[in-house]
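The values are calculated or read from the model by the stated rules, or taken from the named source; none is laboratory data. Everything numeric here is computed off the predicted structure, so don't read it as measured data. Counting neighbours? That spans all protein chains shown, and the Cβs are built from the backbone with ideal geometry, glycine included. Ligands, DNA and RNA are excluded from the accessible area calculation, which covers all protein heavy atoms including side chains. Shrake-Rupley method; radii C 1.70, N 1.55, O 1.52, S 1.80 Å.
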Amino acid sequence: MKSYTVACLSGDGIGPELMAEASRALAEAGRLHGFRVNETHAPFAGEAVSRFGHPLPAATRAACRESDAVLVALTREPALEGVKAELDLTWRVQRVRLPDGDLAIVSPLTEDADAFAVARAFELARSRRARLSAVGEGRVWEALVEHEADRNPGVKVEGTTPSRALPALMDKPHRFCVIVTQAAFAEIVSDLAAASRNGSRIVASGRLSLTGPGVFGPTHGSAPDIAGQGVANPSGMLLAASLMLSEGLGERAAGRTLERAITHALADGWRTADVRGPGPASTTRDFNDAVLAMMPGARTDVEFVG
């Protein structure tokens, strides 16, 4: 059985309870798809300060370097910058679940990663709805996109400028499938995709290396006001775990299973108190129980499920 080591950085606030649910989902994904995830829970952020007097102890840095992937519950913690600095992170992928669909955003983190990011975006588009929007400027960028378009004739490509794409991301995000953009526009494209004028959006992101572990997590803070109450929304954390499975560990079938189960649970009306809707709100654990129950039926790599 294949095995992977994941450094789990929970931090404080709602981090530990969200990480606990992600651990359950990773274990179920491994059971269904035939691999094992060995978790290293390292002190991080406020938890590390209270125990060791530093938000990022040396042992935590070492655990991240030696892992196959890093899963973070609180991506807005300043201590995370220290983790990123020690890893050779070259490109980024963001998943945004919309009320009526979802989209993926791929971008380079360094100038020499443009070609890889464009190639990976086309690969991702082929596995989805075969539609790609290339948001950027300049002849070199256009040449990279045209080169990959020639190599992927089944993908419908739309070349657009940031000034045209950004308003559409806010008002009509469902028209996008996969977006690839230049490093100069990556932050604003990602921020606008995560923002919302017309319904809630669930966002997870990953920063990846070509040779070492990547860093994955949801896009929220520690929310200390609801910590320990069992009402935190785990959907972003579960989506981050799905993204880590697909892009960080290469277990794409398992990642799709978890992602589809999240989608099915939301479609069936499962929600936590922060999401408006009919009926009573679920607890953090109840929501994830629903996701776990749907995972066997959410598989797309088998014909029959017992």
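Count of the range 228-245 residues, restricted to those that are at pLDDT 95 or above and small (Gly, Ala, Ser), is 3.
For the structure I just gave you, tell me whether ASP225 is surrounded by fewer than 16 Cβ atoms within 10 Å (Cβ to Cβ), over 17 Å from the mean Cα position of the chain (by Cα), farther than 22 Å from GLU148 by Cβ and modelled with pLDDT under 80. Answer is no for this residue.
It is to be established whether one or more residues within the range 53-76 are of a type outside the set (A, V, I, L, M, F, W, C), without any contact (Cβ under 8 Å) to a residue 60 or more places away in the chain, crowded, with 19+ Cβ neighbours inside 10 Å and not in a loop (DSSP other than H, G, I, E, B). Checked against the condition, which is being of a type outside the set (A, V, I, L, M, F, W, C), without any contact (Cβ under 8 Å) to a residue 60 or more places away in the chain, crowded, with 19+ Cβ neighbours inside 10 Å and not in a loop (DSSP other than H, G, I, E, B), the range 53-76 yields at least one hit. One residue stands out in the range 120-150 among those that are open to solvent by less than 70 Å² (accessible area, probe 1.4 Å) and not in a helix (DSSP H, G or I): the one that is modelled with the lowest pLDDT, namely ARG128. The set of residues in the range 17-52 that are of a type in the set (Phe, Trp, Tyr), over 13 Å from LEU71 (Cβ atoms) and open to solvent by less than 30 Å² (accessible area, probe 1.4 Å) contains only PHE35.
Of all residues in the range 182-208, those that are open to solvent by less than 50 Å² (accessible area, probe 1.4 Å) have Cβ atoms under 8 Å from Cβ atoms of residues that are modelled with pLDDT under 85 and part of a strand (DSSP E or B), 6 or more apart or on another chain, in GLY199/LEU98; ARG201/LEU98. Within the range 151-171, if we keep just the residues that are among the hydrophobic types (A, V, I, L, M, F, W, C) and not in a helix (DSSP H, G or I), the residue that is most open to solvent (accessible area, probe 1.4 Å) turns out to be VAL157.
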